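Here is the structure we will look at, set down as structure tokens.
Bear in mind that the values in this text are calculations on the coordinates, not laboratory data. Only a predicted model underlies this, so the values are computations on that prediction, with no experimental measurement involved. Virtual Cβ from ideal backbone geometry, glycine too; neighbours counted across all protein chains shown.
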């Protein structure tokens, strides 16, 4: 079993963990608070459409993130093969 990283020394791991937490928190706020208010004010059908619109609106961000993650994975793999 791999030991947990020591965040006091590994600043990249700390930054990655912090950014992940912030992104998940923003997504939770957007979905639960934003779409929850739509549900409370306009009803169930409007909330379903709000969730669909939210997912469609976030899809370019997800595609960009996947592309950058793929490029990072490929760069690490090429660097490991050369060194």
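How far is helix 11-28 tilted, in degrees, relative to the longest principal axis of the Cα atoms in the chain, given as a value from 0 to 90 rounded to the nearest 10?
Approximately 10 degrees, to the nearest 10.
How are the alpha carbon pair distances in the chain distributed across 10 Å bins from zero to the largest one, expressed in percent?
Pairs per bin, as whole percents: 15, 27, 29, 18, 10, 2.
Find how much the distance from residue 81 to residue 46 grows on full extension, using 0.36 nm per residue of separation minus their present alpha carbon separation; answer in nm with one decimal.
On the way: separation 35, 0.36 × 35 = 12.60 nm, distance 5.19 nm.
Full-extension gain reported as 7.4 nm.
Taking R0 as 25 Å, what FRET efficiency do you get between residue 71 and residue 31 from their Cβ-Cβ distance, rounded to the nearest 0.05? Working shown, then result.
Details: r = 28 Å, r/R0 = 1.12.
The calculated FRET efficiency here is 0.35.
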